[in-house]
1. So what's the net charge close to B:G106: Lys and Arg +1, Asp and Glu -1, counting the other residues with Cβ under 13 Å from its Cβ?
2. Given H placed on each backbone N at 1.01 Å, which residues far from B:V4 in sequence or on other chains put an amide H within less than 5 Å of it?
3. Quick one: 3J(HN,Hα) in Hz for the stretch A:107-114, Karplus 6.51/-1.76/1.60 with θ = phi - 60°, rounded, Gly and Pro as x.
4. Which distance in Å, rounded to a whole number, links the C-alpha centroids of the stretch B:56-110 and the stretch A:1-27?
5. Excluding ligands, DNA and RNA, what is the accessible area buried between chains A and B, summed over both sides, using a 1.4 Å probe, to the nearest 100 Å²?
6. With every protein chain kept in the model, how would you rank B:L110, A:L11 by accessible area, 1.4 Å probe, largest at the top?
7. Please check chain A for the longest run free of trypsin sites (Lys or Arg not before Pro) that are loop-located per DSSP (anything but H, G, I, E, B) and have at most 13 other Cβ atoms within 10 Å.
8. Suppose every Lys and Arg Cβ carries +1 and every Asp and Glu Cβ carries -1, with no other charges. What dipole size does chain B come out with about its Cα centre, to the nearest 20 debye?
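The values are calculated or read from the model by the stated rules, or taken from the named source; none is laboratory data. Being a predicted model, the structure only gives us computed values, none of them experimental. Counting neighbours? That spans all protein chains shown, and the Cβs are built from the backbone with ideal geometry, glycine included. Side chains are part of the model used for accessible areas, which takes the heavy atoms of the whole protein and leaves out ligands, DNA and RNA. Shrake-Rupley method; radii C 1.70, N 1.55, O 1.52, S 1.80 Å.
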Amino acid sequence: DQQVKQNSPSLSVQEGRISILNCDYTNSMFDYFLWYKKYPAEGPTFLISISSIKDKNEDGRFTVFLNKSAKHLSLHIVPSQPGDSAVYFCAASDLSENTDKLIFGTGTRLQVFP
Amino acid sequence: DAGVTQSPTHLIKTRGQQVTLRCSPKSGHDTVSWYQQALGQGPQFIFQYYEEEERQRGNFPDRFSGHQFPNYSSELNVNALLLGDSALYLCASRADRRETQYFGPGTRLLVL
């Protein structure tokens, strides 16, 4: 049972344009969401997070939007840069469980071309 | 300041063997979690260690066990290896419940 889903395995975007990565979840108990970026031969690197009490969080070129009613979140990267090419994972947790357990999606491979 | 380190980087084992993977958390971090990332999948939570005890466990069989030492470093042990155990094993650490977890580069295990 995949509780966090990233239905697009890959995305290709031109440099300077917007990249939009999507994520859906099924567990209504999830109240904290994160995006990680992963380069080959490296561990996942934290990008940005959002609590369920918010619907938007912004950090530089990265913005995460949360739609709780639709159980959907998205990561916007503007403008996209070639260095953003990586695999992006959406992750969720239930803070009431008092655990570090993160539930990850299967990832979306983003390629930013010149 | 070194981040999370893991050893070895790569490992090849045969079915039925046992393996031990090691993790040193980021300086100042006392909580370690282990994840398994199979090819084409996202990381899956194995277990978490804090104060040298297993605090929570994911949906993994007892063949997967761990340990945390007084210096907060940790080991992941897998017994009776199966072909399906081939994966990237990631270690993550944090200092405070409100902080983000930092991941190591992982150990890639291949079981033949």
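1. +2
2. Under 5 Å from the amide H of B:V4 lie the amide H atoms of B:K26, each far enough along the sequence or on another chain.
3. Working through the residues one at a time gives x, 10, 8, 9, 10, 10, 10, x Hz.
4. Centre-to-centre (Cα) distance: 26 Å.
5. It comes to approximately 1600 Å² buried between A and B.
6. Result, largest first: B:L110, A:L11.
7. It runs A:55-114.
8. On the way: 11 positive and 11 negative charges, 78 e Å.
The calculated dipole for chain B is roughly 380 debye.
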